[in-house]
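Engineer: Please see the structure below; I have some questions.
Every number here is computed from the coordinates shown, using simple stated rules; none is lab data. If you're wondering where the values come from, they're calculated on a predicted model, not measured in any experiment. When we count neighbours, we look across all protein chains shown, and the Cβ atoms used for this are built from the backbone with ideal geometry, even at glycine.
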Amino acid sequence: MLKQYPTLRFILMRGGWYFITFLVAVTINFYLPRLGKHNPVDIIMGKSGSGMSTEDARIKEEMYLQEFGLVKVSGSGATREIVRDSEGKPVRTTGFEQFVTYIGMCLKGDLGTSFQKYPKKVVDVIKEAVPWTLALQIPTIICGWIVGNVLGAMAAYRRGIFDKVFFPFALGLSAFPFFVFGMLLVYFFAVGFHWFPAMGGYANNVIPSFSFEFFSSAAHHYVLPFFSIFLILAGGQAIGMRSMGIYELGTDYIKYAKWLGLKESKVLAYLFRNAMLPQITGLALSLGVMIGGALITEMIFSYPGLGMAMLTAIQNNDYPMIQGVTLIITTSVLIANFTVDVLIGFLDPRVKAGLQIGKGN
Amino acid sequence: MKILKNLLKSPMFIIGAGLFFGTLLIALIGPIVYNMTMDRVGAQYAAPGGGYLLGLDDLGRDYVSLLLSGLRSSLYVGFLAGIIATTIGTLIGIYGGFRGGLVDDLLNMMTNLFVVIPQLVILILISASLQEGRSLTLIGVIIGLTGWTWSARAVRAQASALKSKDHISLAKLNGDNTLRVLLVHILPYIFSYVFMVFIIQVASGILSESAISMIGLGPLDTVSLGTILNQAKNTGALGDGVWWAFMPATATITVIVFALYLLNTSMDGVFNPRLRK
């Protein structure tokens with residue numbers, strides 16, 4: 001049916017595939033935190049339950065048990081009540097029942113309640129953090145990819161002294177763990193030279209609003225996190241593009257173009273276009289690593305994004321929050337991957353010609 | 001032998017191997033030569049000097065001892081994770097790539113599925129749920145078990161390219177069983193490739209451990225380079241300009257990973273003739 005529209009067919013198939021992946025990811029996201037076999041309510045009660053009378057503690061515990069879906073509940077709304085056994089004890093739900101409830105809640109956009117910021121909803125905490133993370137990561141990854149690839153192609157094409165200096169430099173950059181590089185930038189440019197602030201997304205005395213003051217403060221805080229992610233990404237991409245470019249340089253079409261005496265920029269453009277496709281595919285594969293690394297960089301800078309929300313959650317054993325953030329991260333990685341796939345659907349001549357890619361290679 | 005000769009001609013290989021074996025040597029003989037102690041020996045964040053080359057940490061422990069211990073932990077985790085991930089990846093990749101058909105489709109599906117779910121997310125979820133008993137070995141095993149996907153993909157591509165080669169068909173005609181074909185006729189051809197995959201897996205194991213430890217989910221039974229950095233971050237050493245709290249650990253991680261990358265790239269240049277000038 002979709003034979004006439006190979007690109008659309010490709011995109012739909014990839015979309016279906018990502019949906020399956022998403023379901024697996026949600027399942028993993030639910031079951032992995034339950035490996036430890038500890039009850040989240042015990043953790044909260046351990047923290048806040050001391051000093052309460054037994055009756056108060058019991059009521060509070062039951063409230064939490066209900067809140068986190070650990071006991072069976074009958075009715076809805078105001079008539080919600082905990083189902084009890086013959087001794088009056090709440091009936092516990094099974095792991096699978098909890099899983100079904102969890103999926104239902106996820107579909108409604110409810111990721112549960114934070115332990116640490118109780119009764120604040122996980123979704124609300126995430127909503128505050130997401131804009132910061134998006135504003136930091138999307139431009140950084142795109143800029144890093146473009147700059148890295150252009151420099152890599154140039155290194156492959158020129159070789160010589162440019163390559164000799166550039167290549168070890170790029171290799172060194174890409175060997176830095178994201179957060180380690182962030183630490184060095186903080187040390188030199190924030191603590192040492194005082195050029196930029198060391199942490200946060202904006203200055204303490206500024207209130208987030210649509211004002212010049214806020215945006216200039218945010219921009220000032222943006223510089224170091226941006227460069228610590230950007231430089232490493234660009235380094236890694238440049239290395240990949242360089243070896244891809246060297247390989248392409250040996251192909252007939254480049255030799256022919258050179259023999260024709262085409263301008264260097266023209267040959268470079270051909271080279272770039274052909275070597276770019278594997279680099280885009282490579283981008284899809286490494287997005288998870290990039291986003292993960294960038295989140296840890298956010299933690300170094302105490303940047304008010306998802307990374308920081310995750311770090312706070314980990315430090316406080318805030319399981320619903322950890323689970324919520326990991327689910328959002330996985331989902332965004334899948335969406336980003338799908339976007340790259342759509343791009344491939346439009347750019348790859350093999351897809352446009354209706355050929356199956358990835359088969360029989 | 002010829003390969004080794006070619007490798008030794010590459011300055012990148014020599015630098016990489018030198019750095020790597022240098023750190024390995026330090027990790028091995030360091031504790032013998034240096035009098036390591038994990039006890040409090042002085043004031044919090046005492047500056048380098050006075051017999052303690054790299055100063056003291058926030059608990060007054062000697063940083064040289066901590067770094068040696070951390071370096072050993074990182075190398076151990078890297079190799080453990082690298083061996084597990086490379087073994088699983090190679091087995092799945094070779095088998096799938098060579099057999100093709102339904103088994104390949106299933107293995108490939110599984111690989112493609114786990115390749116897009118970020119490893120860091122899985123690591124965080126598992127580590128956060130294991131509050132007690134989070135040992136260095138366990139973390140290494142988990143990193144290995146979650147990190148094999150891309151090596152399976154890479155090896156599969158290599159194995160399936162070999163599948164239709166003449167010597168494989170001959171071996172099959174000769175009546176060799178699948179296992180023999182895989183071990184005798186395919187593995188030797190992609191061994192250099194698998195070895196390069198292994199090097200990268202070791203590097204990424206070290207990076208993963210330091211990342212997970214950095215955010216406070218590291219091993220509870222020992223010091224690693226990541227836990228040193230975590231402590232430096234938590235106690236605000238970074239903002240206070242206490243460089244010895246994070247600079248040496250940072251440099252150590254970077255040097256090991258850089259050395260491994262150099263080794264990998266130089267081998268790529270030798271094994272893959274297309275990259276040769």
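Engineer: Taking only Cα atoms and a 10 Å spring cutoff, compute GNM fluctuations for chain B and point out the largest among B:Leu102, B:Leu120, B:Leu217.
Structural biologist: The residue with the greatest mean-square fluctuation here is B:Leu102.
Engineer: Which angle between 0 and 90 degrees, to the nearest 10, do you get for helix A:122-158 versus the longest principal axis of chain A when only C-alpha atoms count?
Structural biologist: Relative to chain A, helix A:122-158 is tipped by roughly 20 degrees.
Engineer: How far is helix A:212-249 tilted off the main Cα axis of chain A, in degrees rounded to 10, range 0 to 90?
Structural biologist: Taking Cα atoms only, the helix is inclined about 50 degrees.
Engineer: Also: For the cross-link pairs A:Lys255/B:Lys2; A:Lys258/A:Lys352; A:Lys60/A:Lys117, which exceed 20 Å when the distance is taken from alpha carbon to alpha carbon?
Structural biologist: Values: A:Lys255/B:Lys2 31 Å; A:Lys258/A:Lys352 28 Å; A:Lys60/A:Lys117 16 Å.
A:Lys255/B:Lys2; A:Lys258/A:Lys352, as the Cα separations exceed 20 Å there.
Engineer: Assigning unit charges at the beta carbon (Lys, Arg +1; Asp, Glu -1) and nothing else, what dipole magnitude in debye, to the nearest 20, does segment A:122-360 show about its Cα centre?
Structural biologist: Details: 13 positive and 11 negative charges, 234 e Å.
It comes to approximately 1120 debye.
Engineer: Moving on to the next point. Along the charge dipole of chain A, pointing to its positive end and built from +1/-1 on Cβ of Lys, Arg, Asp and Glu, which listed residue (A:Tyr256, A:Leu8, A:Gly109) has its Cα farthest out?
Structural biologist: Toward the positive end, the furthest listed residue is A:Tyr256.
Engineer: Right, something else. Placing +1 at every Lys and Arg Cβ and -1 at every Asp and Glu Cβ, with all other atoms neutral, what dipole size does chain B have around its Cα centre, in debye to the nearest 20?
Structural biologist: Numbers: 18 positive and 13 negative charges, 255 e Å.
Charge dipole of chain B: 1220 debye, to the nearest 20.
Engineer: Same structure again: Given +1 on the Cβ of Lys and Arg, -1 on the Cβ of Asp and Glu, and no further charges, what dipole in debye does the protein assembly as shown carry about its Cα centre, rounded to the nearest 20?
Structural biologist: Working: 48 positive and 35 negative charges, 541 e Å.
Dipole about the Cα centre, nearest 20: 2600 debye.
Engineer: Can you sort A:Asp318, B:Asp176 by how many other beta carbons sit within 10 Å, fewest first?
Structural biologist: Numbers: A:Asp318 27, B:Asp176 16.
Exposure proxy ranking, most exposed first: B:Asp176, A:Asp318.
Engineer: Then there is this: What helices does chain B hold that run 30 Å or longer along their axis, going by alpha-carbon atoms, with a Kyte-Doolittle average of 1.6 or more, using DSSP H for the helix calls?
Structural biologist: Working: long enough: B:11-33 (31 Å, 2.19); B:63-99 (52 Å, 1.24); B:187-214 (39 Å, 1.53); B:247-271 (35 Å, 1.36).
Result, helices passing both filters: B:11-33.
Engineer: Okay, next question. What residues qualify as long-range amide H neighbours of A:Ser302, i.e. H under 5 Å apart, gap of 5 or more or another chain, H built at 1.01 Å from N?
Structural biologist: Answer set, sorted by chain and number: A:Gly200.
Engineer: Based solely on its DSSP helices, what 222 nm [θ] is calculated for chain A when runs of n ≥ 4 H residues each add -39,500 (n - 2.57) and the sum is averaged over all residues, nearest 500 deg cm²/dmol? Could you put the intermediate results ahead of the total?
Structural biologist: Details: 13 runs with 249 residues, N = 361.
It comes out at -23500 deg cm²/dmol, rounded to the nearest 500.
Engineer: Can you tell me the orientation of helix A:306-315 relative to chain A, as the angle in degrees between its alpha-carbon axis and the longest Cα principal axis, to the nearest 10?
Structural biologist: It is inclined by approximately 40 degrees.
Engineer: Here is a further query. I need the Kirkwood Rh of segment A:205-272: take the reciprocal of the average 1/r across all distinct C-alpha pairs and report it in angstrom.
Structural biologist: It works out to 15.6 Å.
Engineer: List A:Phe193, A:Phe176 from most exposed to least, where exposure is judged by having the fewest other Cβ atoms within 10 Å. Don't skip to the answer; put the middle values down first.
Structural biologist: Details: A:Phe193 9, A:Phe176 23.
With the fewest neighbours first, A:Phe193, A:Phe176 line up as A:Phe193, A:Phe176.
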